[in-house]
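All remarks here apply to the structure that follows.
The values are calculated or read from the model by the stated rules, or taken from the named source; none is laboratory data. The shown structure was predicted, so the numbers you read here are calculated from the model rather than taken from an experiment. We place every Cβ from the backbone using ideal geometry, glycine too, and count neighbours over all the protein chains shown. Ligands, DNA and RNA are stripped out before the accessible areas are found, and what is left, the full protein with its side chains, is counted by its heavy atoms. Shrake-Rupley method; radii C 1.70, N 1.55, O 1.52, S 1.80 Å.
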Amino acid sequence: MQFDHIIEINDPFNPLIEPMARDQLWRGLVLRAETPGAFVPWLDSCKLFDRTPESVSRELHYGDLTIVDRVTFVPQQEILYQVPQQKDIPASSLRVSIEEPQADRFIVRFAYDDGREEAEGAVDAMYNQFRQSAYLESDIDTIRVIRQLAQGGQLDAPVASGNQ
């Protein structure tokens, strides 16, 4: 199943949304990759290893489930999460990209590919619809947390790993 959606970051027509700079948005997205527990409350722990300026491998623990993935950074543009096939989990990916359709008007595109074929029956279609809804809610929460961090001034300094 492939699924993508966008979330608008700076909307000049909505005065209730405080604009964010690209640097702040980028730092927030990197923080999500490097400190996922701040964004995923049901994550028990995360261990980072094989860190370079361009990527990091992670070991994520959700109860008895452990997932190992690789996160690749294209500074100020996109973050690619790649989960190789492991045990009962098929290979999958998530590409999170910053787009700028107009000057200082940012959107974030979340593009999922779970490595599975499109739904064949009603049950598969219902399951895919549920997953898409869960992805969307998770991504909305991610942007909400990034906005809170930006408003609190916590995204004004460069990220520690150098992924600026």
Self-check item: Candidates 140, 89, 107: whichever shows maximal mean-square fluctuation once the chain is modelled as a Gaussian network with Cα springs under 10 Å
Solution: 89
Quiz item: Counting Lys +1, Arg +1, Asp -1, Glu -1, what net charge surrounds residue 132 among other residues with beta carbon under 11 Å of its beta carbon?
Solution: -3
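Mean residue ellipticity at 222 nm from the helices of the chain, using -39,500 (n - 2.57) per DSSP H segment of n ≥ 4 over the full residue count, to the nearest 500 deg cm²/dmol? Don't skip to the answer; put the middle values down first.
Numbers: 2 runs with 43 residues, N = 164.
After summing the helix terms and dividing by residue count, I get -9000 deg cm²/dmol.
Counting only C-alpha contacts under 8 Å and six or more residues apart, can you give the relative contact order of the chain as a whole percent?
Relative contact order, the chain: 28 percent.
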Exercise. Would you kindly find the accessible area of residue 68, with a 1.4 Å probe and non-protein molecules such as ligands, DNA and RNA excluded, rounding to the nearest 10 Å²?
Key: 50 Å²
Exercise. Report the charge-dipole magnitude of the chain in Debye, nearest 20, computed about the Cα centre from +1 at each Lys and Arg Cβ and -1 at each Asp and Glu Cβ.
Key: 440 debye
Self-check item: Helix 22-34 axis, angle to the chain major axis (alpha carbon atoms, nearest 10°)
Solution: 30 degrees
Quiz item: Which of these, 65, 31, 48, has the largest mean-square fluctuation under a Gaussian network model of the chain (Cα springs below 10 Å)?
Solution: 65
Quiz item: Cα-based Rg of the range 58-126 per 2.2 N^0.38 Å, rounded to two decimals?
Solution: 1.41
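Under the √(5λ) rule applied to the eigenvalues of the Cα gyration tensor, what semi-axes describe the equivalent ellipsoid of the chain? Give them in Å, descending. Let's see the in-between values first.
Working: eigenvalues 140, 86, 40 Å².
In descending order the semi-axes read 26, 21, 14 Å.
Just in the range 24-106: which GluC sites (Glu not before Pro) are loop by DSSP and have at most 13 other Cβ atoms within 10 Å? All intermediate terms of the calculation are to be shown ahead of the outcome.
Numbers: sites: 34, 54, 59, 78, 99; in loops: 54.
Those satisfying the criteria are 54.
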Quiz item: If you put +1 on each Lys and Arg Cβ and -1 on each Asp and Glu Cβ, how big is the dipole of the range 6-88 around its Cα centre, in Debye rounded to 20?
Solution: 180 debye
Quiz item: Using heavy-atom solvent-accessible surface (probe 1.4 Å) with all chains present, what is the largest-first order of 133, 93, 57?
Solution: 133, 93, 57
Quiz prompt | residue 126 - accessible surface, heavy atoms, 1.4 Å probe, Å² rounded to 10 | solution = 130 Å²
Practice problem: Starting from the Cα of residue 66, step 7 Å along the direction of its Cβ; do the same at residue 16; then give the gap between the two resulting points in nm. | Solution: 4.5 nm
Quiz item: Can you pull the semi-axes for the range 1-63, root of five times each eigenvalue of the Cα gyration tensor, sorted largest first, whole Å?
Solution: 28, 15, 13
Quiz item: Out of 136, 16, 149, any idea which swings most in a Gaussian network model of the chain, alpha carbons joined below 10 Å?
Solution: 16
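Given a Förster distance of 22 Å, report the FRET efficiency between residue 82 and residue 7 from their Cβ-Cβ distance, rounded to the nearest 0.05. Please list the in-between numbers first.
Working: r = 22 Å, r/R0 = 0.98.
So, using R0 = 22 Å, E works out to roughly 0.55.
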